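What follows is one structure encoded as structure tokens, with my remarks underneath.
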């Protein structure tokens, strides 16, 4: 990617046809599976962001000591699926009110975060959070961090497309599958 675009919250290339979004919403297997369903999403990579250790491993991140969050980096076409829609899906598919936790997954690596790639993404994320809090959409205040994107480290190969490659794994069936089903029902106009 070169340069930073404006509008639609893009960290876009010169043609404006590609942008990046980086989200942490608990286990990256689930988050990746959700966004892989959407039109306009070109790729979703599971990985780690926001920590102090370069090139962390899954084992290191699981200790909670590296400072990284399990996250996904999305490459998308903002003309097909704008950043606001990606955020709508983000907030509908995890609990943004629990600090350092998603369900049974506990630790800073499971925190809720939006790692923005430009000032427009930051503005949009902050506006969306303020509107959701003002409307009391959730039972508690949103604790999602909104911070600049730092170095994103792709997770090990076996984590990529994990739900698609392991559909009968119990965690995938119990946690990821309901989130994917929700997206297919609630956001059917966005699904491929």
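Structure data summary
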| item | result |
| --- | --- |
| Efficiency of FRET from Cβ geometry, residue 164 and residue 53, R₀ 35 Å, rounded to 0.05 | 0.80 |
| Alpha carbon centroid spacing (whole Å) that separates region 148-170 from region 47-110 | 11 |
| Förster radius 22 Å - calculated FRET efficiency between residue 100 and residue 134, Cβ distance, rounded to 0.05 | 0.35 |
| Gaussian network model of the chain, Cα within-10 Å springs - most flexible of 48, 58, 153 | 58 |
| Pairwise label distance in nanometres, residue 177 with residue 63, each label 7 Å out on the Cα-Cβ vector | 3.5 |
| Among 154, 21, 130, residue whose mean-square fluctuation peaks in a GNM of the chain (springs only between Cα atoms under 10 Å) | 130 |
| Within a Gaussian network of the chain (alpha carbon springs, distance under 10 Å), most fluctuating of 122, 42, 59 | 59 |
| Region 57-160 shape via C-alpha gyration tensor axes, a/c threshold 1.5 | oblate |
| Listed values [x] 179; [y] 154; [z] 114, entry calculated as volume of the Cα convex hull per residue in Å³ | [z] |
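A short reminder: the numbers here are calculations on the coordinates, not readings from a lab. On a predicted model such as this, the values are computed, not experimentally measured, just so you know. In this analysis, Cβ positions are derived from the backbone assuming ideal geometry, glycine residues included, and neighbour counts consider all displayed protein chains.
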